[in-house]
C-alpha cells in the first residue's frame, strides 16, 4: 500500500503530460507564430471558424481577412498564408464576390504543395464554381518593368506576364514607363472566357537629339532658311483666308451661272410659246422681216436677245467659278507640298481669257 500512492501519483503525472502533449499536437498551423502575432491571428481564425460554421459568411470573411493581414509574411509560414487565402476565397464565393474569390483561390492553389490534400480539393472546387462568373486576362508586357493599370488601378509588382480575373464588361489596360510612350488597349472581358493581350511599350522619340541637330545645322542650311523667309512674305493665316474667300467666290459664281442658265431655259420656253402663237395668228411666216412687222415681232426679238445674253452669262459664270475653284484647290495643294527651303513658290494667276500657275524660284 505504501508503494500504491506514489505509483498512482506517477501515473497521474504521466497522464497529464500525455494529455498536454496531445493537446499541443492538435493545435493547427496558426500556433506556429510567436508572441502577440500568434495570439492575434489565432483569435481572428477562431472567430472566423465559428462564423463560418454558423453560416455567417460576412463575419467570417472579415475575420479571415483580418487574420490574413495580421499574418506578416516575414514571420508567418507559407502554409499559414496559403490556407488563409483559400478560406478567404471560399467566403468571397459565398458572398458572390466572384472576382475576389477567383483571385484568392488561384493564389492559394499556386502554393498547393504547402496545403493538405483535403484543403486542395476544397479550394479547387471553389475555384471551379467562381470561374464561370469572371473573365480571365492573360497579359504580357514588354518591357516587363512597365507599370500596368487596369481601369486606372495599378497592379504590382511589375512582371512580364500576368493572370488577372475581371468582372464581365469593358476594361482598359494601360502600360507606362519613363522614357517610353504610354500604351493602352480597350477589351471586353466575357464571363467564363479567357482573353490574351500582348502589349509593347514603345520607346519615346529622342526630342533632345532632334533639337540638337537642328541647332547645329550647316551654315548653308541656315542661309537657305533665311532665303525662304525672305520670299515667304505672306503669313499662313492670310493665305488661308484668301483660299477660303476663293472657295466661297467659286461656289457663288457657279451657283449664279446655274441660275442664269435656268433663266435662259425659261426664256426659251416663253420665246417658243410666243413664236408659235404669232405663226398661228399670221399665216405669213416671213412677216417679221418686213418693214411693217407687227409689234409682237419686236417682242420676240427682245426675248431672243435676252435668252442669248442669259445663256452667255451663265456659261461664263460657270467657267469662271470652275477656274476659281481649281485655282483655290491647286493653291491649297501647293501650299502644303511646297517646301520653303527649296526656294520655290507657286502662285495662281487668272486673267480675262486664261488661268494657270506661275512657279517662281530656283531648283
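The values are calculated or read from the model by the stated rules, or taken from the named source; none is laboratory data. Since we're looking at a predicted model, the values are computed, not measured. Using ideal geometry, Cβ is built from the backbone for each residue, glycine included, and neighbour counts are taken over all protein chains shown.
Taken together, the residues in the stretch 124-154 that are crowded, with 19+ Cβ neighbours inside 10 Å and part of a loop (DSSP other than H, G, I, E, B) amount to 2.
Take residue 165 and tell me if it is at pLDDT below 90, over 30 Å from residue 307 (Cβ atoms) and under 28 Å from the mean Cα position of the chain (by Cα).
Details: at pLDDT below 90: no; over 30 Å from residue 307 (Cβ atoms): yes; under 28 Å from the mean Cα position of the chain (by Cα): yes.
Judged against the criteria, residue 165 is not a match.
Considering the stretch 76-123 alone, what residues qualify as being crowded, with 24+ Cβ neighbours inside 10 Å and touching a residue at least 60 places away in the same chain (Cβ under 8 Å)? Scanning the stretch 76-123 gives a single hit, 102. Just one of the listed residues (64, 30) is part of a helix (DSSP H, G or I), buried (at least 18 other Cβ atoms within 10 Å of the Cβ), touching a helix residue (DSSP H, G or I) at 6+ places or on another chain (Cβ under 7 Å) and at pLDDT below 75, and it is 30.
Between 192, 179, the distinction of being exposed (fewer than 12 other Cβ atoms within 10 Å of the Cβ), touching a helix residue (DSSP H, G or I) at 6+ places or on another chain (Cβ under 9 Å) and outside the structural domain of residue 79 (by TED's automatic domain parsing) belongs to 192 only. Restricted to the stretch 67-102, and to residues there that are part of a loop (DSSP other than H, G, I, E, B), over 15 Å from residue 42 (Cα atoms) and modelled with pLDDT under 90, the residue that is nearest to the chain's Cα centre (by Cα) is 73.
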